[in-house]
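S.K.: Shown below is the structure under consideration.
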Amino acid sequence: MSFISIIIAIIILGILIIVHEFGHFIVARKNGIFVKEFSVGFGPRIISHTCKSGMLLSWKAIPFGGSCQMLGALEDEDAGTDDERSYDSKSVWARMSVTLAGPVFNFLLAFVLSVIVIGTMGYDPPVVTQVLEDSPAYEAGLREGDLITSFDREKINFGKELYLHNYLNPLSDKTELVEISFVRDQESHTIRVAPYEYQYYSVGISYYSNGEAAKIAEVTQDSPVEQAGLKEGDVITRINDTEIATGEDLETYFSEHPVTQEPLRIEYLRHGGTFETTVYPAVSSAYRVGFTYNTANVKASVGDVLKYSFAEMKYEILSVFKSLGLLFSSRGSLDMLSGPVGIVEVVGTTYDASVSSGFLVTVMNLLGIMIMLSANLGVLNLLPIPALDGGKFILLVIEAIIRKQVPKKVEGIVTMIGAGLLFLLMIVVLVNDVTKFF
């Protein structure tokens, strides 16, 4: 973990926190609520400044968090005051808007950053790149060049969206025909196909075939790459004598050099260091319907930039919900969770793998991480957990229903319990992040 990756990660997290708390701040001000302190970080103050309005701006020692302390709110020493500028003096609807503003601003940031990234780098349309002859998809009429619009009754905008759907919903689990909708020559078509099992030589990794660093997205348990020491998040930089700079390069390599029983020498990045290992492919089996699809970026028109930026924001938000669902399923594990240490690691690996491709690619890849983290921060804060915005919103909903404020004592106890559980979870995630280094 390099010093520069730590600095970049702190800057990224700082921006996300400032935007989140600014959402609370600006809506609070619009509703006439006095904000006593706007801070980034926790713990003792390092830098502070008192504004003309009386609000204190603070930068605190621990950069992973922040707060927008409002007059009369639960965490304020003046809680219960009858000052007309206090949080509690406002209507339940005003307080609801203040509570939801933080996550909403994170979603807006994800959209704005998506406009920048897609406007600069393009997007990955789910165009069919190959259809195997005699496969169910070919017999049903699917052809190379068709644009997938829906798969298994789920709307598809990007190649990576199709990848995520198949990862979370394996074809091996399907008990009925898979419905696929696509566009050809501006005409829509729908087919239904049955997945089939096939055998092939595999090393056991999944990755995104795009212009970003060739980062391993998933390592199959007990696979050849796991046995060789590779892990999720490692960035492949060379296979045998071929340099790999991007996910597209990795896809091209495997297309030109299909995996056989011959061993592969793989060079990769981890924690800022370069390593090399030998992988011995093994026979695997999987299910498919018989086609491959594009995951590389193409340029977007002005209209498409806005359209697909909104779709990107939606994709990132839904990905968090889907990942949370997977976490609590039989396939989930604590390894799916990452805290500040994990974020620094992702930022560092992305920076190290991108910097050789130039300034623009590096910045776009880091903005891509910000889009993902901003969506994550927005969704996680909406979870109905006491001490988070979602938990506060639930209490406000209860108040709106019973037309009476939840007693401060009850709210305080519930919030304290929630904060304690979140603290324990943070410790578990921190320990889990650290153990991944070894």
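Bear in mind that the values in this text are calculations on the coordinates, not laboratory data. Fair warning: this is a prediction, and the values are worked out from it, not measured in the lab. FYI the Cβ positions are ideal-geometry reconstructions off the backbone, even for glycines, and counts take in every protein chain you see.
S.K.: Taking R0 as 35 Å, what FRET efficiency do you get between residue 188 and residue 116 from their Cβ-Cβ distance, rounded to the nearest 0.05?
M.R.: 0.65
S.K.: Once the piece of chain linking residue 357 and residue 227 is laid out straight, how much longer is it, given 0.36 nm per residue of separation minus the C-alpha distance between them?
M.R.: Length difference between fully extended and current span is 43.8 nm.
S.K.: Same structure, new question: Please list 3J(HN,Hα) in residue order for segment 163-168, calculated via the Karplus relation 6.51 cos²θ - 1.76 cosθ + 1.60 where θ = phi - 60°; whole Hz, with x for glycine and proline.
M.R.: Here the 3J(HN,Hα) series is 4, 4, 4, 5, 5, 7 Hz.
S.K.: Can you tell me the relative contact order of segment 244-391? Whole percent, Cα pairs under 8 Å, sequence separation 6 or more.
M.R.: So the answer I get is 19 percent.
S.K.: Moving to a separate point now. Considering only 294, 166, 106, give the residue with the highest GNM mean-square fluctuation for the chain, with springs between Cα atoms whenever their separation is below 10 Å.
M.R.: Comparing 294, 166, 106 in the GNM, the peak value goes to 166.
S.K.: Quick one: 3J(HN,Hα) in Hz for segment 419-424, Karplus 6.51/-1.76/1.60 with θ = phi - 60°, rounded, Gly and Pro as x.
M.R.: For segment 419-424, the Karplus curve yields 5, x, 5, 5, 5, 4 Hz.
S.K.: Same structure again: Find how many whole Å separate the alpha carbon centroid of segment 102-174 from the alpha carbon centroid of segment 226-262.
M.R.: Cα centres, segment 226-262 to segment 102-174: 23 Å.
S.K.: Could I ask something else about it? With unit charges on the beta carbon (Lys/Arg positive, Asp/Glu negative), name the residue among 269, 211, 258 whose Cα is farthest towards the positive pole of the charge dipole of segment 205-280.
M.R.: Value: 269.
S.K.: Additional query: Could you give the length gained by full extension between residue 176 and residue 287, i.e. 0.36 nm per residue of separation minus their alpha carbon distance, to one decimal place?
M.R.: Once the chain is fully extended between residue 176 and residue 287, it gains 38.6 nm.
S.K.: Between residue 132 and residue 328, what's the calculated FRET efficiency when r is the beta-carbon distance and R0 is 35 Å? Round to 0.05.
M.R.: 0.45
S.K.: Shifting gears a bit: Counting only C-alpha contacts under 8 Å and six or more residues apart, can you give the relative contact order of the chain as a whole percent?
M.R.: Reported as a whole number, the value is 18 percent.
S.K.: Also: Near residue 30, which lysines are there with a Cα under 20 Å away, not counting those fewer than 8 places off in the same chain?
M.R.: Within the straight-line limit of under 20 Å, residue 30 reaches these lysines: 52, 90, 392.
S.K.: Quickly work out the residue 61-to-residue 277 label distance, labels modelled 7 Å from Cα along the C-beta direction, and quote it in nm with one decimal.
M.R.: Calculated label separation equals 3.9 nm.
S.K.: Only helical DSSP H runs with n ≥ 4 go in: add -39500 (n - 2.57) per run for the chain, normalise by residue count and round the 222 nm mean residue ellipticity to 500 deg cm²/dmol.
M.R.: Computed mean residue ellipticity for the chain: -15000 deg cm²/dmol.
S.K.: Another question, if that's okay. At 7 Å along the Cα-to-beta-carbon direction for both residue 262 and residue 104, put a label point, then send me their distance in nm to one decimal.
M.R.: 5.9
S.K.: Taking θ = phi - 60°, what integer Hz values does the Karplus form 6.51 cos²θ - 1.76 cosθ + 1.60 yield along segment 279-284, in sequence order, with x for Gly and Pro?
M.R.: 10, 10, x, 10, 6, 10
S.K.: Then there's this: With each pseudo-label sitting 7 Å past Cα toward Cβ, what's the residue 139-residue 217 distance in nm, one decimal?
M.R.: Taking the simple label geometry, residue 139 and residue 217 are separated by 2.9 nm.
S.K.: If I stretch the segment between residue 89 and residue 168 completely, what's the gain in nm (0.36 nm per residue apart, minus their alpha carbon distance), one decimal?
M.R.: 23.9 nm
S.K.: Further question on the same structure: To the nearest 0.05, what FRET efficiency results for residue 206 and residue 82 with a Förster distance of 41 Å applied to their C-beta separation?
M.R.: In this case the efficiency is close to 0.10.
S.K.: In addition: Can you pull the Kirkwood radius for segment 248-338, inverse mean 1/r over Cα pairs, to one decimal in Å?
M.R.: 17.9
S.K.: Just to confirm the number: angle between the C-alpha axis of helix 247-256 and the first principal axis of the chain, 0 to 90 degrees, nearest 10?
M.R.: 10
S.K.: How high is the relative contact order of segment 205-280? Use alpha-carbon pairs under 8 Å, at least six apart in sequence, and give a whole percent.
M.R.: Computed over segment 205-280, the figure is 30 percent.
S.K.: Which residues' amide hydrogens lie under 5 Å from the amide hydrogen of residue 387, considering only partners 5 or more residues apart or on another chain, with H built in the peptide plane?
M.R.: 392
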